[in-house]
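Following: one structure in C-alpha cells, then a few remarks.
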Amino acid sequence: MNILIVGATRGIGRQLLEQALASGHTVTALVRDSRRLAVTHQQLRVVKGDILDPESVALATGGQDAVCCTIGVKVPWIRVTLFSDGTRNLLQAMNKTGVRRLICVTGIGAGDSRGHGGFLYDRIFYPLLLRPIYADKDRQESLIRASDVDWTIVRPGFLTNGPLTGNYRVLTDMTGVTAGRISRADVARFMLQELETKRYLRQAPLLSA
C-alpha cells in the first residue's frame with residue numbers, strides 16, 4: 001500500500017512510519033525539515049513541504065492509496081488554525097488526485113469525546129491550555145465529516161511513549177467512558193490495521209487502555 005504520512009517526524013507519525021515500513025508498505029512523508037527525519041529506506045520517499053502549502057500537499061498526495069494525518073502543535077497557543085487549514089488542503093488534494101482513504105488523528109476532547117478525560121483534564125488542563133487547539137480540531141473534524149472521502153477519525157486518550165502492546169480498547173460509544181492512557185506505538189498499530197480492515201469507516205473511535 002502507498003501511504004502518505006503528514007506529521008511523520010515525531011510522535012504517532014514517526015511510529016506509524018516505522019511500523020508501515022516494517023510491514024512492507026511504501027511510505028511518503030511530507031515534512032517541513034527533512035533533517036528531522038533521519039530515516040533511510042528503499043520504500044520511503046520524503047517530500048519537503050508543508051501541510052499549509054497546497055502545492056506541496058498535492059505533490060505528496062498523488063499516487064497514494066491512503067493519507068494519514070498526525071500533525072500537532074505545542075501549547076499554549078492563543079489562536080490555532082493549523083488543523084483546519086491543513087486538513088482543508090489535504091481534502092482538496094485528495095479530491096484532485098483521486099485518493100479516497102483518510103485516517104486523521106485528533107484526540108480526547110474533540111467532538112463528543114469532550115468531557116470524558118477525567119476531572120483534572122476536563123476542568124483544568126482543557127480550559128486553561130487546550131481550548132484553542134480543540135476548537136480547531138472540532139473544525140478539522142467537521143471538514144472531514146462533510147467530505148466524501150472514506151475517513152476514519154482517531155481520538156487517542158492520554159499518550160505515552162510506552163511500547164507496542166496491542167492491548168487497548170476501541171470505543172465508539174462514549175457513555176460512561178473516562179479515557180485512559182495509550183502508547184503512541186499502539187495508536188500507530190491501530191491506524192495500520194484500520195487501513196487494512198476499514199472496520200471504522202466514517203467513525204471516530206476513542207483509543208484507550
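The values are calculated or read from the model by the stated rules, or taken from the named source; none is laboratory data. If you're wondering where the values come from, they're calculated on a predicted model, not measured in any experiment. When we count neighbours, we look across all protein chains shown, and the Cβ atoms used for this are built from the backbone with ideal geometry, even at glycine. To get the accessible areas, we keep the full protein, side chains included, count just its heavy atoms, and leave off ligands, DNA and RNA. Shrake-Rupley method; radii C 1.70, N 1.55, O 1.52, S 1.80 Å.
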## Note on the structure
Long-range amide H partners of GLN203, meaning residues 5 or more apart or on another chain whose placed amide H is closer than 5 Å, are ILE153
### Task
Find how much the distance from ASN2 to PHE125 grows on full extension, using 0.36 nm per residue of separation minus their present alpha carbon separation; answer in nm with one decimal.
40.5 nm
### Message
Let me check against my output: what whole-number percent is the relative contact order of the chain, with C-alpha pairs under 8 Å and at least 6 apart?
### Response
20 percent
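May I ask you to rank SER208, SER34 by accessible area, largest first, using a 1.4 Å probe over the protein chains only?
My answer, sorted largest first, is SER34, SER208.
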### Query
For the range 1-37 and the range 159-182, what is the separation of their C-alpha centers, rounded to whole Å?
23 Å
### Summary
Measure of exposure for ASP50: accessible area at 1.4 Å probe, Å² rounded to 10, is 50 Å²
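Can you pull the percent of the range 34-126's accessible area that's carbon plus sulfur, 1.4 Å probe, other chains left in place?
Of all accessible area on the range 34-126, carbon and sulfur atoms account for 53 percent.
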### Query
Scanning the chain for helices, which whole DSSP H stretches are 15 Å or more long along the axis (Cα) and average -1.0 or more by Kyte-Doolittle?
11-22, 82-97, 184-197
### Query
What residue among MET94, ALA8, PRO54 has its Cα farthest toward the positive end of the dipole of the range 6-123, where the charges are +1 on Lys, Arg and -1 on Asp, Glu, each on the Cβ?
ALA8
#### Entry: Label-point separation in nm, VAL39 to LEU164, each point 7 Å along Cα→Cβ
1.1 nm
### Message
Need one value: the accessible area of LEU59 in square angstrom, 1.4 angstrom probe, rounded to the nearest 10.
### Response
110 Å²
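To the nearest 20 debye, what charge dipole does the chain have about its Cα centre, counting +1 at the Cβ of each Lys and Arg and -1 at the Cβ of each Asp and Glu? Write down the numbers at each step before the final one.
Numbers: 27 positive and 18 negative charges, 69 e Å.
Once rounded to the nearest 20, the dipole reads 320 debye.
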### Task
Hey, can you grab everything whose amide H is under 5 Å from the amide H of LEU102? Only 5+ residues off in sequence or another chain; H modelled, so Pro and N-termini drop out.
VAL67, ASP150, TRP151, THR152
### Task
Give the Kirkwood hydrodynamic radius (Å, one decimal) of the range 156-198, defined as one over the mean of 1/r across all pairs of different Cα atoms.
11.1 Å
### Query
Along the three principal axes, how long is the chain when you take its alpha carbons, biggest first, rounded to the nearest angstrom?
46, 35, 33
